Structures are given as C-alpha cells and as structure tokens.
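Below you'll find the structure, written out as structure tokens, and then a few comments.
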Amino acid sequence: QSALTQPPSASGSRGQSVTISCTGTSSDVGTYNYVSWYQQHPGKAPKLIIFEVSKRPSGVPNRFSGSKSGSTASLTVSGLQAEDEADFYCSSYAGNYNWVFGGGTRVTVL
Amino acid sequence: QVHLVQSGSDLKKPGASVKVSCKASGYIFTSYSINWVRQAPGQGLEWMGWINTNTGNPTYAQGFTGRFVFSLDTSVTTAYLQISSLEAGDTAVYYCARASDTWYELDYWGQGTLVTVSS
C-alpha cells in the first residue's frame, strides 16, 4: 500500500495554531477510524500523541487534537509552543493486519 | 513502567547479516504485539510489519519479505529483527514498538538501532 500523503512542512507563530492534513484512500483512512499521530523530535523515537482519530493518551496536552473527514485526517496543534517544533507522522490501519505511515510533516514554530 | 531497549548501533558490510534485539520489560510480553519500523537517513517512518508475541506469527509489509525475519525469545522477553544479504539501502534506524491494548497504534517505542551498511 502507498504511504499516506502529508505536506512536507507547516509553520505557525507561538501561541497560534497549525493544522496538518493526512490524506489516504478508501482502503485505509477512509474506511477505518484507526488513525494515529506521532511526534518525533530530532534524534529521538516517535511518541504517540493521538490514536483512534481523536483520542489523546494520558499525559498528552489537550493542545493536540485530531479529526477525520472522508479519507483525510487532520492534526491541529493549538497554542504553539517552542517544544512543539518536530516532525509529525500520521498512521492508519489499512486492513488485513497491515498499517501505513504518512511521509511526515516538519512543523516550525516561528 | 514499560521499556523497550534495543541493541546498539552496528556497521556491516554489504552481503552480511545483522540481528537487532528489542528487550521488553514492565508488562506481560506475550500480551502485546511488537512492530518494527524503519527510518532511513533524513526520511520518514516506514512500517515493516509485526509479530504476534503470543503465537510467534510474523506479518511482513510489502517490501519487507524475503530478507527480513522477525523472531522472539519469550524466555527473555526479547524480539528480534534479522536482515540478511544487507544492501546499502538498508542503512537506517530500526525501531521496535509495542502495539497498544487497543492494538491499532504504537504506544511504546524502543530508542532505535542504527544499522549502517558500508564497504
């Protein structure tokens, strides 16, 4: 299966919001509500920040929120802080015990 | 607390094999599957597949069949990724990650293992 499509970069000023899209197909994002988002700082392992489209694991700030419409999922980071500068990846269940990642989006805090 | 600790970086010559380990602790090892994810230098995450830690049954993503083998040693709560006939294109950081109890996302990750393939 092909990778999910994310914009390569996004940016926002401190305190503002940024939204990242993640476009899949009817075989993955469009069919399953099993979209997750991961944050990765340079040189570090990814960290789960959103699962099942819009749920946050314990300890993840509510500045991070997720949604989905059709075959496109979105991650919004509100009240941008310096520490939010990182790479963000979406992932979706693609059926038949397979998963797929997006290409990643680098978020810059201006 | 849950920890996944991977083996250290490795430098291999083309054609050789490498075995990356992922030692799990802090939970019942056989209750959560282990996934493997590749990240080539400067590139994104690529899902390689997963192994059922209860049955030992592996599932490989497209592009990761043949030279890639997932295995377990449940007696030491460790998962392994073996790559044979290494090529320069296999140079990457390899992560192990635990699937959550809802199964569809990866809630804990190892620190990553850099495998460099170079002559």
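Computed from the coordinates by the stated procedures, all read-outs in this text should not be read as laboratory data. Note that the structure is predicted; figures quoted are calculated from it, not measured. Ideal geometry is used to build each Cβ from the backbone, glycine not excepted, and the neighbour counts take in all protein chains shown.
Rg and Dmax, both from the Cα atoms of region B:33-119 and both in Å, are 12.8, 43.
Give me the net charge for the shell around residue B:18: Cβ to Cβ below 9 angstrom, other residues only, Lys and Arg +1, Asp and Glu -1. Charge balance in the 9 Å sphere: 0. Per residue, the Cα convex hull of region A:1-44 amounts to 120 Å³. Rg and Dmax over the alpha-carbon atoms of region B:36-83 stand at 11.6, 36 Å. For region B:8-49, a Kirkwood hydrodynamic radius built from all Cα pairs, placed in the Stokes-Einstein relation at 25 °C and 0.890 mPa s, yields a translational diffusion coefficient of 186 µm²/s. For the peptide A:88-101, the mean number of other protein chain Cβ atoms found within 10 angstrom of a residue's Cβ is 4. The mean number of partner chain beta-carbon atoms within 10 angstrom of a residue's beta-carbon across peptide B:36-44 is 3. Rg and Dmax over the alpha-carbon atoms of the protein assembly as shown stand at 17.3, 51 Å. Using the Cβ-Cβ distance between residue A:55 and residue A:31 with R0 = 25 Å, the FRET efficiency computed as 1/(1 + (r/R0)^6) comes to roughly 0.85.
For region A:45-89, the convex hull spanned by the alpha carbon atoms encloses 88 Å³ per residue.
Counting only other chain Cβ atoms within 10 Å of each residue's Cβ, the peptide B:99-109 averages 6. Note: relative contact order over region A:23-92, using C-alpha pairs below 8 Å and six or more positions apart, is 37 percent.
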